[in-house]
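K.L.:
Below: one structure in structure tokens.
The values are calculated or read from the model by the stated rules, or taken from the named source; none is laboratory data. If you're wondering where the values come from, they're calculated on a predicted model, not measured in any experiment. Don't worry about glycine lacking a Cβ; one is built from the backbone with ideal geometry, like all the others, and counts go over all protein chains shown. Accessible surface is based on the protein model in full, side chains and every heavy atom, while ligands, DNA and RNA are left aside. Shrake-Rupley method; radii C 1.70, N 1.55, O 1.52, S 1.80 Å.
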Amino acid sequence: MSATSEPFQRSLSVPEEAIAVTETEFEKPRGINRVEIRRGYCTAHVTGLQGEISEARVGVLKTIAEAGISIDFLKLTQGGLSFVAPEGMQEQVAQVLESAKVPFDIKGGRCIVLTFAANMRDEEGLIARVVSEVIGTGVEIDHLGDMHDRVLMVMDAGDGERVARHIEQRLVGAEA
Amino acid sequence: MKFGGTSVQTKEARHTAALKVISAKEQGFAPVVVVSAIGRKGEPYATDTLIGLLRDIDPAVEPDPRELDLLMACGEILSSAIFAHTLKTLGQPAISLRGGQAGIRTDGCYGNARILGINPLGLMEALKRGLIPVVCGFQGVWVQGRLPGAELTTLGRGGSDTTASGLGAALRAERVEIYTDVDGVKTADPRMVSGAPTLRQVTYDEVAEVAHLGAKVVHPRAAEIAMRFDIPLWVKNTFSEDPGTEIVPRDSFPGRRVTGVTHSGKLVYVQASLEPVSTAHRVEFAARVYETLAKHSINLHMINLSPDGIGFAVSREQYPNLVDVFDGLVVPIGHDAIYVFQAGESTSKGAASQMELLKPLGDPVKVALQVTEGCTMVSLVGYDYMQQPGVFFDVLCRFHDAQIPVLQTSDSDFSLSCLIPESELSKAVRLLHDGFGLASVR
């Protein structure tokens, strides 16, 4: 007699309700599954930094950190950097950058459009598809970031709704 | 209990893994085992080696995804039969099962199938009969309408972790344990930071983000299933008695902290100045670039958008594909403008021949892709930490002081990443690990 046909002596701790389970559906469908908008941000672009660029950028970031301002979406640009901050701190950001004596431009009324998809990194081409769709609407994306389950795009709050609707129509439920 | 490639690599390793299973049974649990293919890249039965059997026939002919799936699944089939027999030699009744026999039903996407449902009755029956089921990870079946039989499919990256989590959810398991060759989720790659501590608890979000940014711990799909079904998930070491890492829901972990430092593989940073492109055409031009990248399934990191240029990083593996697609690519816009891509600063054959051919139609404009090879991405992952003032300054200042050039940055709710030269990777990882006090994190 083979080992597999031997009666098993121990009582097993199989949960009763598990016996009743016939099928469980659990993986989220492939592709974009929802869109969300977060409002209340401003974007700042610091340009024309003088001297050694890396040191100059660190200098600007130090000034911002010392003022207790939390920033997101930092991007390094040719002669400076850009970032996003809460809109409520726009005035303070401007003051800090003025005091640092660096050329800058600051825009309020920004929003973040979050496009959610399960397991973004393994859906090859999906991030590019989202970006292509949004740029195709003519909307300018200030900044872009990604996480395991979402792409985050910073843009004018006036464009946010339109972009969200466009993504919902074009991509939600569509396979990558 | 899921055992990865290194846990089933040798006879000794399988013996050790089998003893873990027997120990669980002796504690009164009814273990269900999931196994990966034997060994890692380069070893005789590893998935990559099996793929090579098809690719080596003629490298110019891409194998059919269906045949690839059938072949790749053999690695786990071998492994499950061998592991089941190992248990039997230790006096334990066991039975090997393919994914389909374990009730795993998927969609028809060969190579990256999603689990549509699991019918665990076969497994329950095996358990009732006192058997230890040893299920092949990474595979399921696609049932096509009225056709007889079912198509074997594979689940893509992290497929065995996903199998374990899925079965755990379907069986309403008490816990899912992922066994590997490290003690759990570490604060950094132990090859770069010797003595990097093992985290005792991490949230599902943290572990998914760490995996997204390049660390090989638990695949996000597996974490997501465990999170949705509230199944406790553990990462443990087959070869030690360390308690491992418990992966918990966000509300079970109220603290704020830096979780760890992770790094991606080799990346190539690609930038294009839009200066040669007419201002009126820039939006459409950029949209076409991303549309082309999407069409060719190119995975992007560190996307940088501005009215004057575009930039992104791609993996070293996908870079040749990108060059194939873009070098000499013609982008006509409107009635009169023709743009031609050139990969790299110096004139390429592809771009030159297109420019020559298109001359009779007007003056094509060349757009050069500036390429920086030998990059990698190092990331600081944190829980409820990245919104604190000064984090960017802290990271960039440390890199500046250590003379590590930062080519670009990107961030999200859970992470902050820097693109740096690959040669600086170990130094950068150690710098962040020490600088953010990760040696004392638990």
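K.L.:
Considering the range A:141-156 alone, what residues qualify as being under 22 Å from A:Gly40 (Cβ atoms) and either at the interface with chain B (Cβ under 7 Å from one of its Cβ atoms) or not charged (D, E, K, R) (or both)?
P.N.:
If the condition is that a residue be under 22 Å from A:Gly40 (Cβ atoms) and either at the interface with chain B (Cβ under 7 Å from one of its Cβ atoms) or not charged (D, E, K, R) (or both), then A:Ile141, A:His143, A:Leu144, A:Gly145, A:Asp146, A:Met147, A:Val151, A:Leu152, A:Met153, A:Val154, A:Met155 are the ones that fit.
K.L.:
From the list A:Ile71, A:Ile32, A:Ile64, which one is among the hydrophobic types (A, V, I, L, M, F, W, C), open to solvent by less than 10 Å² (accessible area, probe 1.4 Å) and facing chain B (nearest Cβ under 10 Å)?
P.N.:
A:Ile64
K.L.:
Okay, next question. Select from the range B:75-104 the residues that are open to solvent by 10 Å² or more (accessible area, probe 1.4 Å), touching a residue at least 40 places away in the same chain (Cβ under 8 Å) and not hydrophobic (A, V, I, L, M, F, W, C) and list them in ascending order.
P.N.:
Answer for the range B:75-104, where residues must be open to solvent by 10 Å² or more (accessible area, probe 1.4 Å), touching a residue at least 40 places away in the same chain (Cβ under 8 Å) and not hydrophobic (A, V, I, L, M, F, W, C): B:Thr86, B:Gln92, B:Ser96, B:Arg98, B:Gly100, B:Gly103.
K.L.:
Give me the strands (runs of 3 or more DSSP E) completely within the range B:216-274, filtered to those with at least 2 residues that are of a type in the set (Val, Ile, Thr), more than 16 Å from the chain's Cα centre (by Cα) and surrounded by 15 or more Cβ atoms within 10 Å (Cβ to Cβ), ordered by residue number.
P.N.:
Numbers: elements: B:233-237, B:245-248, B:257-263, B:267-273.
Of the strands (runs of 3 or more DSSP E) lying wholly inside the range B:216-274, those with at least 2 residues that are of a type in the set (Val, Ile, Thr), more than 16 Å from the chain's Cα centre (by Cα) and surrounded by 15 or more Cβ atoms within 10 Å (Cβ to Cβ) span B:245-248, B:257-263, B:267-273.
K.L.:
Can you tell me which residues in the range B:389-408 are in contact (Cβ under 8 Å) with a residue 24 or more places away in the chain and either at the interface with another protein chain (Cβ under 7 Å from one of its Cβ atoms) or in contact with a helix residue (DSSP H, G or I) (Cβ under 6 Å, 6 or more places away or on another chain) (or both)?
P.N.:
Hits for the range B:389-408 are B:Phe392, B:Arg398, B:Ala402, B:Ile404, B:Gln408.
K.L.:
Of all residues being touching a residue at least 60 places away in the same chain (Cβ under 8 Å) and surrounded by 24 or more Cβ atoms within 10 Å (Cβ to Cβ) in the range B:129-151, which is nearest to the other protein chains (Cβ to nearest Cβ)? Just the residue, please.
P.N.:
Checked the range B:129-151; the qualifying residue nearest to the other protein chains (Cβ to nearest Cβ) is B:Ile132.
K.L.:
Could you list, in sequence order, all residues of the range A:80-129 that are small (Gly, Ala, Ser) and outside any loop (DSSP other than H, G, I, E, B)?
P.N.:
From the range A:80-129, those small (Gly, Ala, Ser) are A:80, A:82, A:85, A:88, A:94, A:99-100, A:108-109, A:117-118, A:125, A:128; that's our starting set.
Across the range A:80-129, the qualifying residues are A:Gly80, A:Ser82, A:Ala85, A:Gly88, A:Ala94, A:Ser99, A:Gly108, A:Gly109, A:Ala117, A:Ala128.
K.L.:
Okay, next question. Within the range B:413-442, can you find the residues that are open to solvent by less than 50 Å² (accessible area, probe 1.4 Å), outside any helix (DSSP H, G or I) and farther than 24 Å from A:Asp142 by Cα?
P.N.:
Selection gives B:Pro421, B:Phe436, B:Gly437, B:Val441.
K.L.:
Against the condition open to solvent by less than 10 Å² (accessible area, probe 1.4 Å) and either farther than 30 Å from A:Gly68 by Cβ or at the interface with chain B (Cβ under 8 Å from one of its Cβ atoms) (or both), how does A:Ile135 come out, does it pass?
P.N.:
No, not satisfied.
K.L.:
Here are some conditions: (1) crowded, with 22+ Cβ neighbours inside 10 Å; (2) among the charged types (D, E, K, R); (3) away from chain B (no Cβ under 13 Å). A:Arg162 meets all but one. Which one does it not meet?
P.N.:
The single condition A:Arg162 does not satisfy is (1).
K.L.:
Among the residues of the range B:370-410, write down those that are within 21 Å of the chain's Cα centre (by Cα), open to solvent by 10 Å² or more (accessible area, probe 1.4 Å) and closer than 18 Å to A:Leu61 by Cα.
P.N.:
Selection gives B:Ser410 alone.
K.L.:
Got a sec? Which strands (runs of 3 or more DSSP E) wholly within the range B:335-412 have at least 3 residues that are over 26 Å from B:Thr279 (Cβ atoms)?
P.N.:
On the way: elements: B:337-343, B:365-383, B:408-411.
Passing ranges, in order: B:365-383, B:408-411.
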